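Asks: My questions will all concern the structure given below.
The values are calculated or read from the model by the stated rules, or taken from the named source; none is laboratory data. What you see is a predicted model, and the numbers here were worked out from it, not measured in a lab. Quick reminder, even Gly has a Cβ in these numbers, built from the backbone with ideal geometry, and neighbours come from all protein chains shown.
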Amino acid sequence: MSVLVEKMEAALEQSLEQLAAAGSAADIEQVKNSMLGRQGFLPAAMKELRDVPPEEKPQVGKAANIIKLKFTQALQDKTEALASADAQSNAIDVTMPPRRRYSGHKHPISQTIDDCVKIFRRMGFVTVEGPEIEDEYHNFDALNTPADHPSRDSQDTFYLLDGMLLRTQTSPVQIRVMEKQDPPVRIICPGRCFRKDAPDATHSMNFSQIEGLYINKNVSIADLKGTLLTFAKEMFGDKVQIRLRPHFFPFTEPSIECDVLFRNFKGGEDKWLEIAGAGMVDPNVLKNVGYDPEIYTGFAFGMGIERMAMLKYEIPDIRHLYNNDTRFLHQF
Ligand code: PHE
């Protein structure tokens, strides 16, 4: 066989190997140039063909054509293969689930208020609101709180000008509702309260309560207990127990605190934890709003929202609820 044909076959073999290894259009272009380009192998081979003896020419010329054909075919195949691989990697996979976009949600305090409101609404309580800036009369006097009561101290209450203050409890809303409305009354009132407490894991100067008030004929402490138990079961689960402990509030008589029994609290022992102050509305309070305590009786309660959120979501420090660290808030 002619030396030229051998050379051409060797060049073809080499270029086919290079094509196989080519990973980009630029690689392919390079192989193409080395074979077909002006300084490429095949044009040079064609020049050599001139010097081949005439009797060998047809055979060598035919071989040269076949080699060129094989090369251009391989070149085309490789170009197409690369293009289709490219298209595949850029293709849109319509079955792929979308990336989830983070969307905002309610603050855990608002969520807890919503939970409470839903439970009490099913028991017939109507939601009302009252002002955060109160006067001394509604926050203290009308609630039967004597002038020398420690809660009125300026160390505990944020006083504003002209006898106004930041309400220290949601109880003044009881007064505002009863002033405007004749019995029966069955309301809850969620809202912010303010006290000059030094901030720590369980105290914040700014906190939230939910107040409840039910006034009617023949309301007894059994109704209060039933209401609190129903609430506790709905909020913390059916197996929950409550206990009422005697306490004192100026505006209720008798007064109690309501504890809920948390089984296996934080993985440890069973624990009673207070969720509400409550009691039968003091006759003096009823008189202050013009209700006849001989005809009407009722109960009131006040619950700490943050406390409830902390129990429900196992939040160890009340300050987490106010720092607005999104790493914390995103968990709810
Ligand atoms: N206002 C009381 C407090 O802030 C709670 C309470 C409300 C107690 C209603 C009795 C009745 O501690």
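Asks: Against the condition within 11 Å of the ligand (Cβ to nearest atom) and farther than 14 Å from I109 by Cα, how does V281 come out, does it pass? First the steps, then the outcome.
Replies: On the way: within 11 Å of the ligand (Cβ to nearest atom): yes; farther than 14 Å from I109 by Cα: yes.
Yes, satisfied.
Asks: Moving to a separate point now. Which of the helices (runs of 4 or more DSSP H) found entirely inside the range 260-332 contain at least 3 residues meeting this: crowded, with 21+ Cβ neighbours inside 10 Å?
Replies: Per the criteria, 305-313.
Asks: Go through the range 1-51 and count every residue that is under 19 Å from L69 (Cβ atoms) and in contact (Cβ under 8 Å) with a residue 12 or more places away in the chain.
Replies: Summing the residues that are under 19 Å from L69 (Cβ atoms) and in contact (Cβ under 8 Å) with a residue 12 or more places away in the chain in the range 1-51 gives 25.
Asks: A further question on this structure: Could you go through the range 207-222 and let me know if any residue there is touching an Asp or Glu at 6+ places or on another chain (Cβ under 7 Å), within 18 Å of G304 (Cα to Cα) and of a type in the set (S, T, Y).
Replies: yes
Asks: Right, something else. Any residue at all in the range 50-63 that is outside the structural domain of T227 (by TED's automatic domain parsing), out of contact with any Pro (no Cβ under 7 Å at 6 or more places or on another chain) and within 30 Å of G191 (Cβ to Cβ)?
Replies: Initial filter on the range 50-63 (outside the structural domain of T227 (by TED's automatic domain parsing)): 50-63.
Narrowing further to those that are out of contact with any Pro (no Cβ under 7 Å at 6 or more places or on another chain): 50-63.
Filter again for within 30 Å of G191 (Cβ to Cβ), leaving none.
The answer is no; no qualifying residue exists.
Asks: Step by step: first the residues of the range 286-306, then only those that are among the aliphatic types (A, V, I, L, M) and near the ligand (Cβ under 10 Å from one of its atoms), then the one that is farthest from the chain's Cα centre (by Cα). Which residue is that?
Replies: Filtering the range 286-306 for residues that are among the aliphatic types (A, V, I, L, M) and near the ligand (Cβ under 10 Å from one of its atoms), the one farthest from the chain's Cα centre (by Cα) comes out as A300.
Asks: Condition first: within 30 Å of the chain's Cα centre (by Cα) and within 16 Å of the ligand (Cβ to nearest atom). Now tell me which residues in the range 233-259 satisfy that.
Replies: D259
Asks: Would you mind finding the one in K239, K225, K217 that is at pLDDT 95 or above, assigned by TED's automatic domain parsing to the domain that holds F299 and loosely packed, with under 13 Cβ neighbours inside 10 Å? Talk me through it step by step, then tell me what you get.
Replies: Values: K239 fails: at pLDDT 95 or above; K225 fails: loosely packed, with under 13 Cβ neighbours inside 10 Å.
After applying the criteria, what remains is K217.
Asks: Going by the conditions given, is R319 within 15 Å of H107 (Cα to Cα), at pLDDT below 95 and within 13 Å of the ligand (Cβ to nearest atom)?
Replies: On the way: within 15 Å of H107 (Cα to Cα): yes; at pLDDT below 95: yes; within 13 Å of the ligand (Cβ to nearest atom): no.
Criteria not met by R319.
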